[in-house]
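Following: one structure in structure tokens, then a few remarks.
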Amino acid sequence: MADEITKSAARLATIITVPVVLLVGALLFVLVGGANGGGDPAASPSPRPQATGPVTMAAPQLTPRQAIVCRALLSQLPDKIRDRAQRPVTAGPEQNAAYGDPAITLACGTKVPSFPPTDTVYPLDGVCWYAAKGPTGSVWTTLGREVPVTVTVPASYDQPGQWVIEFSTPVAAAVPSTGQLPYGCR
């Protein structure tokens with residue numbers, strides 16, 4: 001008789017425990033994100049929305065030839081650099097472009113930087129770049145191109161050269177080389 005009572009108690013415990021465990025498991029699954037991404041937004045990282053408003057940029061006067069080259073370059077630029085969408089600029093849309101938030105900017109028709117011949121230059125996908133520290137990030141300028149192009153990468157971006165290389169193909173396609181390259185890019 002005691003064996004029959006033990007079996008009944010075990011069955012009763014199982015009948016109660018299994019649904020409770022399944023209910024608790026399902027509840028935890030939903031709370032930590034589950035299959036549909038629900039739950040507490042603070043518990044799972046979500047991408048920060050990117051700004052879409054205009055980026056403030058200067059637009060220095062271009063010569064007629066510079067204007068032609070810069071328009072050709074801007075026509076070659078993609079709508080996105082990786083996951084950073086192109087944004088409007090406040091001035092010079094025929095010579096300036098911006099991507100993402102904080103904005104990575106490209107300015108065509110800038111000045112060639114002066115630097116010691118021993119400084120490092122970077123040959124990235126057929127374009128020679130010189131990198132300098134700027135007040136808010138790194139400033140990369142093309143060397144040996146008919147019209148200089150400057151890309152500014154905010155300090156919050158890791159490995160700025162990996163962002164700059166995204167612009168090398170359009171620059172190589174649209175901005176003619178002068179053939180005058182510093183030693184590190186020959």
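Annotations for the structure displayed:
- For the range 152-186, applying the loop criterion from DSSP together with a ceiling of 16 other beta carbons within 10 Å to the chymotrypsin sites (Phe, Trp or Tyr not before Pro) yields TYR157.
- Net length available on complete extension from ALA91 to ALA173 is 27.1 nm, with 0.36 nm assigned per residue and the Cα-Cα distance removed.
- Residues in the range 91-122 that a label on ALA58 would reach, taking backbone N under 20 Å of a point 7 Å out along Cα→Cβ: 91-99, 103-115
- Ranked LEU74, LEU181, LEU143, criterion: other C-beta atoms within 10 Å, fewest first: LEU181, LEU74, LEU143
- Listed residues THR118, PRO93, TRP163: farthest to the positive end of the dipole of the range 64-185 (Cβ charges): PRO93
- Whole-Hz ³J(HN,Hα) from phi, Karplus 6.51 cos²θ - 1.76 cosθ + 1.60, for the range 113-123, glycine and proline x: x, 9, 7, x, x, 8, 5, 6, 10, 10, x
- Computed from backbone phi with θ = phi - 60° and the Karplus coefficients 6.51, -1.76 and 1.60, the 3J(HN,Hα) list for the range 99-111 is 9, x, 8, x, 6, 8, 10, 10, 10, 9, x, 8, 9 Hz; x is used for glycine and proline.
- Label-point separation in nm, LYS80 to ASP119, each point 7 Å along Cα→Cβ: 3.4 nm
Read-outs throughout are calculated quantities, based only on the coordinates presented, and are distinct from any laboratory measurement. Values in this document were obtained by computation on a predicted structure and should not be read as measured data. When we count neighbours, we look across all protein chains shown, and the Cβ atoms used for this are built from the backbone with ideal geometry, even at glycine.
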